[in-house]
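Q: Sending over a structure as structure tokens; questions will come in a sec.
Every read-out reported here was derived from the displayed coordinates using simple, explicitly stated rules and does not represent laboratory data. Source: prediction; values computed, not measured. We place every Cβ from the backbone using ideal geometry, glycine too, and count neighbours over all the protein chains shown.
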Amino acid sequence: MNVKDANGAVLQDGDTVVLIKDLKVKGSSMVIKQGTKVKGIRLQEGDHNIGCKIDGSAMNLKSEFVKKA
């Protein structure tokens, strides 16, 4: 599986990424702010191809909204 970030850099399991855009969380009033650093990502199949934990909550992100740190 070949997953690339917004700048075209190839991502791997365990990488640290930074959000490039504010993201609303579905089913919640929470917003994840631009510039939030996410450590220890997991790559997965599907539309939301990054699994991670942000503030202790498991989340799935799209690789187009992150850049490699």
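Q: Counting only residues that are assigned to a strand (DSSP E or B) and under 17 Å from MET1 (Cα atoms), which one in the stretch 56-67 is farthest from the chain's Cα centre (by Cα)?
A: ASN60
Q: Please determine, by comparing only the residues of the stretch 31-48 that are aliphatic (A, V, I, L, M) and surrounded by 13 or more Cβ atoms within 10 Å (Cβ to Cβ), which one is farthest from SER63 (Cα to Cα).
A: ILE32
Q: Would you point out the residue of the stretch 1-30, among those that are assigned to a strand (DSSP E or B) and among the charged types (D, E, K, R), that is surrounded by the most Cβ atoms within 10 Å (Cβ to Cβ)?
A: LYS4
Q: Among all residue pairs at least 6 apart or on different chains, which show Cβ distances below 6 Å where the first residue, located in the stretch 20-42, is without any contact (Cβ under 8 Å) to a residue 24 or more places away in the chain and the second is among the β-branched types (Val, Ile, Thr) and assigned to a loop (DSSP other than H, G, I, E, B)?
A: LYS39/THR16
Q: Could you please give the count of residues in the stretch 31-55 that are among the β-branched types (Val, Ile, Thr) and either in contact with a helix residue (DSSP H, G or I) (Cβ under 7 Å, 6 or more places away or on another chain) or assigned to a loop (DSSP other than H, G, I, E, B) (or both)?
A: Qualifying residue count for the region: 3.
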